[in-house]
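The values are calculated or read from the model by the stated rules, or taken from the named source; none is laboratory data. Since this is a predicted model, take the numbers as computed values, not measurements. Every residue, glycine among them, receives a Cβ derived from its backbone with ideal geometry; neighbour counts consider all protein chains shown. Ligands, DNA and RNA are stripped out before the accessible areas are found, and what is left, the full protein with its side chains, is counted by its heavy atoms. Shrake-Rupley method; radii C 1.70, N 1.55, O 1.52, S 1.80 Å.
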Amino acid sequence: MTNFFQSLGMSYDWAWGVATFAGVLLIALPLMLAVAMIIYVDRKVLAAIMMRRGPNVVGPFGLLQSFADGLKVFLQETIVPSAANKGLFLIAPILTFTVALAAWAVIPFNSGAVLADINVGLLYVLAISSLSVYGVVIAGWASNSKYPFFSAMRAAAQMISYEVSIGFILICVVLWAGTFNLNGIIEAQRGHGLGFVNAFVFNPLMFPMWVLFFISSLAETARAPFDLTEAESELVAGYQTEYSSMSFALFWLGEYANILLMCMLNAILFFGGWLPPFDWAPLYLVPGWIWLFAKTFMFFLMFSWIWATVPRFRYDQLMRLGWKIFLPLSLAFVVLISGYLMATGHYS
């Protein structure tokens, strides 16, 4: 893209700046549209499982319901509690939303179609996603209310608990792929499963790691049955309790952007990313981004299905699962996979 703008007579610095800005818009604007539509899909899936209609009035089939909700919160007044720390109170949703967008910079939508194709892309995603807890913690503290504060403490403990396991799971992926680059990890999955499936998930040693990663994805995004940060039965609405208008909407946008990110990471790390499901020439005629979006949508439907059918964990159950089950299992598989790769001469 930089070369294109240079061909229009721009200097390299200006061309690079304009190309980067255009790349950010090409990711951010479709992402915002996708977030609006998956909120609609989420509500329709829940309605179908619960035998309700769901959104069906605003626009054809209710497709414009999310945009109507967005307009409604935009026109509402932003209320800041009198006892709140006003600066931090307003910064928290902005931080959550910004961090959620920043992680998408290294996501490859097709071969070469990535804003920043850095060699440590997986580490970048892990680092950025770890920052999302700060928005929640700051919101809980700045609200100066006991329910948001309890939610913030839960969020901090929950994120730390499951990020440890996710870190060991990602080590397993990196060991097998031999790179931290997300495009390299996708290429390593070409024909990996059974000799013709483009996925790590059909590897007997990697399948348990995907199961752990998928469940940890639910916990990392505070999605049901791990939505204890928003547990309305005891916390009203958690860290969002004191928020209204666009500040509340920014939390929702950030939350769903993170959910989409984790769904896409499931597809990239274990299901071949933008590669077709099978290493068969005719399937490569379909553009890679279509395969990636289809896999991401499949995982999002699984997220919605679990939300509608699985009851919420107790907090002690959530912590026990993270520290006493997922952590030892993921650590054991790091030893098992690295030992297997060394024994078979994978690194020779």
> Can you tell me which of GLY54, GLY23 is assigned to a loop (DSSP other than H, G, I, E, B) and under 25 Å from GLY254 (Cβ atoms)?
Replying inline: GLY54
> Restricting the search to region 266-288, which residues are in a loop (DSSP other than H, G, I, E, B) and either in contact (Cβ under 8 Å) with a residue 24 or more places away in the chain or open to solvent by 70 Å² or more (accessible area, probe 1.4 Å) (or both)?
Replying inline: PHE271, GLY272, GLY273, TRP274, LEU275, PRO276, PRO277, ASP279, TRP280, PRO287
> So which residues in region 289-343 are of a type in the set (Ser, Thr, Tyr) and open to solvent by less than 80 Å² (accessible area, probe 1.4 Å), if there are any at all?
Replying inline: THR296, SER304, THR309, TYR315, SER330, SER338
>> Given the condition within 19 Å of the chain's Cα centre (by Cα), closer than 30 Å to PRO93 by Cα and crowded, with 18+ Cβ neighbours inside 10 Å, answer yes or no: does some residue in region 184-196 qualify?
In response: no
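For (1) free of Cβ contacts under 8 Å to residues at least 12 places away in the same chain; (2) assigned to a helix (DSSP H, G or I); (3) open to solvent by less than 10 Å² (accessible area, probe 1.4 Å); (4) on the phi < 0 side of the Ramachandran plot, each residue gets a yes or a no:
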{"residue": "VAL125", "(1), (2), (3), (4)": "no, yes, yes, yes"}
{"residue": "ILE138", "(1), (2), (3), (4)": "no, yes, no, yes"}
{"residue": "ARG154", "(1), (2), (3), (4)": "no, yes, no, yes"}
{"residue": "LEU170", "(1), (2), (3), (4)": "no, yes, no, yes"}
{"residue": "PRO204", "(1), (2), (3), (4)": "yes, no, no, yes"}
{"residue": "VAL211", "(1), (2), (3), (4)": "yes, yes, no, yes"}
> Which residue pairs have Cβ atoms under 6 Å apart, sit 6 or more places apart or on different chains, and have a first residue in region 235-261 that is closer than 18 Å to SER151 by Cα and a second that is of a type in the set (Gly, Ala, Ser) and open to solvent by 10 Å² or more (accessible area, probe 1.4 Å)?
Replying inline: GLU242/SER145
>> Looking only at region 9-57, filter to residues that are more than 21 Å from LEU101 (Cα to Cα) and open to solvent by less than 50 Å² (accessible area, probe 1.4 Å); which one of those is farthest from the chain's Cα centre (by Cα)?
In response: ALA15
